[in-house]
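I have placed the structure first, in the form of structure tokens, so that the comments after it can refer back to it.
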Amino acid sequence: MATNQDLLERRKRVSPSWLIALHDQPIAIDRGEGRHVWDVEGNRYLDFFGGILTTSIGHAVPEITTAIQQQAAKIIHTSTLYVSEPMVELAEMVAELSGIPDARVFFTTSGTEATDAALLLATCYRRSNQVLAMRNSYHGRSFTAVAVTGHRSWSPTSFSGINVSYVQGSYPLRSPFRGLDEAAYISASVEDLEQVIDMMTSGDVACLLAEPIQGVGGFATPPDGLFGSLKKVLDNYGILYISDEVQTGWGRTGEHFWGYQAHGITPDIMTFAKGVGNGASLGGVVARAEIMDSIGANSISTFGGNPISAAAGVATLRYILEHDLQGNAAVMGERLVSGIRASVESAPWIAELRGKGLMQGIETVRAGSLEPAPELAGELLERCKADGLLIGKGGLYGNVLRISPPLTVTADEIDEAVSIITRAITAMN
Ligand SMILES: Cc1ncc(COP(=O)(O)O)c(C=O)c1O
């Protein structure tokens, strides 16, 4: 039987040095069930990161497994040169759910490819290569996507065909406008956007791309309404607003189905991926028909919306809607936050507990300052793992814990995680 260490050594020999593993002693996950996973050595963990918010309804869910098996037994691949029933059905569901009027859906295999597609649409529609992105953003790993990534750890190159200017607002804790009340913070961010457009662009900008809550950026959560206020400025210039719902979509924030809904607006374009297929390789972009159809050439993704992924997507969305997992995310998110709040407040080395629903971040700092303390985040992560709980890590300085279980998480599982996190924080105080 392979051990965690054997597999790590083998991976290192054949993989890039920059393919990072989360833990000091990385584990190889062998199988899962519900909200639990087992590594190849048989150790069991409560999974509160869900493959980076992707296993949205849990592991080995019979409805999803059956949908994939039945589709695999019929046909695995046809390409978009032929019409595919699972893809049509999924597109109808996503178009309806998106809230975007006259919506058209294009499927991809990942969030990165969805970002590329959205930027292609916006730049073609507006005939401009100027793009606005938020500071501390992450939108994927391709050459185009890294160009709109305002996060040093994930920006390997500055070469790009698009001209990007970065806007303030997504990360209140490390914004120069920190400390202002919400209304003043939003006004200052609006003023910054106006200045960026006036001072750093020629005005005819294609789009602003933004995550409602920044995922890789450490669940940085702006005040509700921020993007609504920014969009008013964009509208004056005809600049499109793209909402990256790769992490915030499908009810994860609890209060809404999409992250953008906290801002009282409807985006012109939306991207999605991760949780839509509960782990199947699936992403996409939604836009109004006039924007989607503005591309004056053929465009194709051979695997985008393939029958297996689309069948998984249809089954996942049905499950989310039929079981009101958005409602569960709201209730369980509140239970998690109220469970860990006291211990978080007792720790002078925790700057902030933030997020919405089942997307909660804990930012670690040196006590009494805002100086990032990534080693404390690392220690907390390892203590949780040693106690049988997997959580994630991220943030600009690697100093933010990310807690984001599948949307099906139960009260007992939340309580178990709360005990483990509380024990770890108390031991570190
Ligand atoms: C907000 C956001 N957009 C896009 C992406 C890229 O998705 P993928 O890794 O599927 O290419 C990610 C991945 O973490 C993400 O968090």
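The values are calculated or read from the model by the stated rules, or taken from the named source; none is laboratory data. Keep in mind that this is a model prediction, so the values were computed, not measured. Ideal geometry is used to build each Cβ from the backbone, glycine not excepted, and the neighbour counts take in all protein chains shown. Surface areas here come from the heavy atoms of the whole protein model, side chains and all, with no ligands, DNA or RNA. Shrake-Rupley method; radii C 1.70, N 1.55, O 1.52, S 1.80 Å.
For the reader, a short list of remarks on this structure follows.
- Filter result for Thr157 (free of Cβ contacts under 8 Å to residues at least 24 places away in the same chain and either in a strand (DSSP E or B) or within 13 Å of the ligand (Cβ to nearest atom) (or both)): no
- Verdict on Glu245 being modelled with pLDDT of 95 or more, open to solvent by less than 20 Å² (accessible area, probe 1.4 Å) and among the acidic types (Asp, Glu): yes
- Residue list for the stretch 98-108, filter: within 16 Å of the ligand (Cβ to nearest atom) and either closer than 17 Å to Lys231 by Cα or β-branched (Val, Ile, Thr) (or both): Thr108
- Some residue of the stretch 270-287 being over 19 Å from Glu245 (Cα atoms) and charged (D, E, K, R): no
- Put simply, of Ala95, Ala73 the only residue that is away from the ligand (no atom under 16 Å from the Cβ), open to solvent by 50 Å² or more (accessible area, probe 1.4 Å) and among the small types (Gly, Ala, Ser) is Ala73.
- Checklist (1) in a helix (DSSP H, G or I); (2) open to solvent by 60 Å² or more (accessible area, probe 1.4 Å) applied to Ile64, failing item: (2)
- The set of residues in the stretch 41-70 that are within 30 Å of Gln214 (Cβ to Cβ) and away from the ligand (no atom under 16 Å from the Cβ) comprises Tyr45, Leu46, Asp47, Phe48, Ile57, Gly58, His59, Val61, Ile64.
- Answer residue from the stretch 47-61, given it is of a type outside the set (Val, Ile, Thr) and outside any loop (DSSP other than H, G, I, E, B) and is surrounded by the fewest Cβ atoms within 10 Å (Cβ to Cβ) among those: Gly51
- Considering residues of the stretch 109-133 that are outside any helix (DSSP H, G or I) and within 11 Å of the ligand (Cβ to nearest atom) only, the residue farthest from Gly395 (Cα to Cα): Thr109
- Looking across the stretch 140-186 at every residue that is within 15 Å of Gly218 (Cβ to Cβ) and among the hydrophobic types (A, V, I, L, M, F, W, C), the one that is modelled with the lowest pLDDT is identified as Trp154.
- Candidates Arg288, Arg318 - the one that is over 30 Å from Val409 (Cα atoms), away from the ligand (no atom under 16 Å from the Cβ), basic (Lys, Arg) and more than 19 Å from the chain's Cα centre (by Cα): Arg288
- Index of the failed condition, Arg135 passing every other in (1) open to solvent by 40 Å² or more (accessible area, probe 1.4 Å); (2) farther than 17 Å from Tyr241 by Cα: (2)
- Number of the condition not met by Ser137 [criteria: (1) of a type outside the set (Asp, Glu); (2) within 16 Å of the ligand (Cβ to nearest atom); (3) farther than 22 Å from Phe303 by Cβ; (4) out of contact with any Asp or Glu (no Cβ under 7 Å at 6 or more places or on another chain)]: (4)
- Single condition Gly388 does not satisfy, out of (1) on the phi > 0 side of the Ramachandran plot; (2) crowded, with 16+ Cβ neighbours inside 10 Å: (2)
- For the residues Gly398, Gly357, the requirement of being within 21 Å of Tyr138 (Cβ to Cβ), in contact (Cβ under 8 Å) with a residue 60 or more places away in the chain and out of contact with any Lys or Arg (no Cβ under 9 Å at 6 or more places or on another chain) singles out Gly398.
- Looking only at the stretch 210-251, and only at residues there that are in a loop (DSSP other than H, G, I, E, B) and among the hydroxyl-bearing types (Ser, Thr, Tyr), the one that is farthest from the chain's Cα centre (by Cα): Thr221
- Residue check for Ile27: surrounded by 16 or more Cβ atoms within 10 Å (Cβ to Cβ), assigned to a loop (DSSP other than H, G, I, E, B) and out of contact with any helix residue (DSSP H, G or I) (no Cβ under 9 Å at 6 or more places or on another chain): no
- Any chance Val418 is touching a residue at least 12 places away in the same chain (Cβ under 8 Å), within 24 Å of Ser155 (Cα to Cα) and crowded, with 18+ Cβ neighbours inside 10 Å: no
- Matching residues in the stretch 199-212 - criterion: being of a type in the set (A, V, I, L, M) and surrounded by 24 or more Cβ atoms within 10 Å (Cβ to Cβ): Val205, Ala206, Leu208, Leu209, Ala210
- Looking only at the stretch 261-275, and only at residues there that are aliphatic (A, V, I, L, M) and within 24 Å of Tyr125 (Cβ to Cβ), the one that is farthest from the ligand (Cβ to nearest atom): Ile265
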